[in-house]
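The values are calculated or read from the model by the stated rules, or taken from the named source; none is laboratory data. Everything numeric here is computed off the predicted structure, so don't read it as measured data. Reconstructed Cβ throughout: ideal geometry from the backbone, glycine too, with neighbour counts over all protein chains shown.
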């Protein structure tokens, strides 16, 4: 993430042909033009059916076979173990310890990027699911019956995952911040957090069952699986299939708390981008106000950041809910609750666009470290050189500042156009009269333009 | 001298303008439709 102190410092200055704010105007015009194109040419829902096509039977059988699943699960458990061991026994320098880059960059950013294209790629590598399944199999073999589980409360839905998502980001960008100007997250603390989360997850799997908890409560399964709904491959009844891109997203937000997960994702990325940019002055003011009232500096800083993080969540939620409220004014609209749930999935491409826009360059830079010196010397103690790559360095010239900016703008525009497309498609389900469907989507257009301009503003301040 | 030293602090307004234009357009269109509905 941007606040880890290892990649962004070396970014060069941009040399853009027009002011950054004009890109926001241009992006808004693209969205408005897309909106009218959708209204004119898209009059029947296209994404409600996934249009599944089976992959080859042999390929499906091999990829879903027990040995393949065991291998992927074992790899997941092994890598989590390496990350925890590196955090506990390795160097305290965040840029030299395998744990931080592996957890906060390779997994946290890599799985969403690949899942959005291919489908849910985290599921086979999920270390907790692998352990849970082995333990469940062991119990069956010994007891001769399946383990009994409690029924998962319907009202709880995906709320544990949403809270877990905010907590994960909080550890990195709030708890890890040790002063108003520096971030110095401790690999040891991250390793302890990973152990605590592992114990909590396994306990929840015992209580509610492995698959039930992964589907609704386990933060990383829900978060990465959400992006996987945009991808083109899925699995059903023991067979792999290909589907229309984005179509699986339409059935994602069927349980309570789903909107909170995707809003938390957008808010977490926004806060991380704004912490040292757009929100900096506000954070400093509140921090000073709190510290003048006798709160210790570190506590005041963490409290201030927590307040701003929650305010960001509330702000993102408010924009979305205002859009939903606007749709309610169109004759024939379903209930507010149904609209809120029915349009939550339209924010998934936006969450992805925010991730790409904010972290794409960071990912490219930091993965060079991951696959060279961090792999050869996971502990960062200079005692090992497993693959002979310990002396490699990160080449920051692979991306220019202008390239990064154009990728950021493109990601935001494409993500929001896809969001508009999904929203228009869902509106045609709720309002079969396409004129009413179009009228309802004026409000989602405002939401999309707002998120696009907000995203570009955060980036322009952070880059400036 | 023009008082432009702190103009950078208000750049956010340029990012807000497209949103304001779209929202104003929606409100105007909704009110026009509402009036048409009342006249019918």
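Things worth noting here:
- A residue that is touching a residue at least 12 places away in the same chain (Cβ under 8 Å), under 22 Å from residue A:217 (Cα atoms) and surrounded by 15 or more Cβ atoms within 10 Å (Cβ to Cβ) occurs somewhere in region A:93-104.
- Flag for residue B:14 being farther than 17 Å from residue A:440 by Cα, at pLDDT below 85 and either facing chain A (nearest Cβ under 7 Å) or outside any helix (DSSP H, G or I) (or both): no
- Among the conditions (1) more than 15 Å from residue A:462 (Cβ to Cβ); (2) in contact (Cβ under 8 Å) with a residue 24 or more places away in the chain, residue A:283 misses just one, which is (1).
- Listed by position, the helices (runs of 4 or more DSSP H) inside region A:359-464 whose residues that are away from chain B (no Cβ under 14 Å), within 30 Å of residue A:85 (Cβ to Cβ) and at pLDDT 90 or above number at least 2 are A:373-376.
- Taken over region A:310-323, residues that are within 14 Å of chain B (Cβ to nearest Cβ) and either in contact with a strand residue (DSSP E or B) (Cβ under 7 Å, 6 or more places away or on another chain) or free of Cβ contacts under 8 Å to residues at least 24 places away in the same chain (or both) amount to 1.
One line per residue, one yes/no per condition, for (1) surrounded by 18 or more Cβ atoms within 10 Å (Cβ to Cβ); (2) in contact (Cβ under 8 Å) with a residue 40 or more places away in the chain; (3) in a helix (DSSP H, G or I):
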| position | (1), (2), (3) |
| --- | --- |
| A:48 | no, yes, no |
| A:51 | no, yes, no |
| A:59 | no, yes, yes |
| A:76 | yes, yes, yes |
| A:82 | no, yes, yes |
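- When restricted to residues that are touching a helix residue (DSSP H, G or I) at 6+ places or on another chain (Cβ under 6 Å) and either buried (at least 24 other Cβ atoms within 10 Å of the Cβ) or within 21 Å of residue A:415 (Cβ to Cβ) (or both), region A:432-455 contains 16.
- Scanning region A:313-343 for residues that are surrounded by 23 or more Cβ atoms within 10 Å (Cβ to Cβ), within 20 Å of the chain's Cα centre (by Cα) and in a helix (DSSP H, G or I) returns A:316, A:320.
- Among the candidates A:94, A:112, residue that is closer than 28 Å to residue A:312 by Cα, assigned to a loop (DSSP other than H, G, I, E, B) and in contact with a helix residue (DSSP H, G or I) (Cβ under 8 Å, 6 or more places away or on another chain): A:94
- For residue A:226, the stated conditions hold: it is crowded, with 21+ Cβ neighbours inside 10 Å and within 30 Å of residue A:57 (Cβ to Cβ).
The rows are residues; the columns are (1) buried (at least 22 other Cβ atoms within 10 Å of the Cβ); (2) modelled with pLDDT of 95 or more; (3) under 18 Å from the mean Cα position of the chain (by Cα).
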position: A:172; (1), (2), (3): yes, no, yes
position: A:175; (1), (2), (3): no, no, no
position: A:190; (1), (2), (3): yes, no, no
position: A:201; (1), (2), (3): yes, yes, no
position: A:214; (1), (2), (3): yes, yes, yes
position: A:222; (1), (2), (3): yes, yes, yes
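- Just one residue in the set A:342, A:332 is farther than 13 Å from residue A:269 by Cα and within 14 Å of another protein chain (Cβ to nearest Cβ); that residue is A:332.
- Scan of region A:400-421 for residues that are crowded, with 17+ Cβ neighbours inside 10 Å and farther than 30 Å from residue A:324 by Cα, ordered by number: A:404, A:405
- The set of residues in region A:263-312 that are loosely packed, with under 14 Cβ neighbours inside 10 Å and outside any loop (DSSP other than H, G, I, E, B) comprises A:281, A:284, A:285, A:288, A:289, A:297, A:298, A:299.
- Residue satisfying all of: in region A:124-146; surrounded by 14 or more Cβ atoms within 10 Å (Cβ to Cβ) and over 21 Å from the mean Cα position of the chain (by Cα); farthest from residue A:214 (Cα to Cα) among these: A:139
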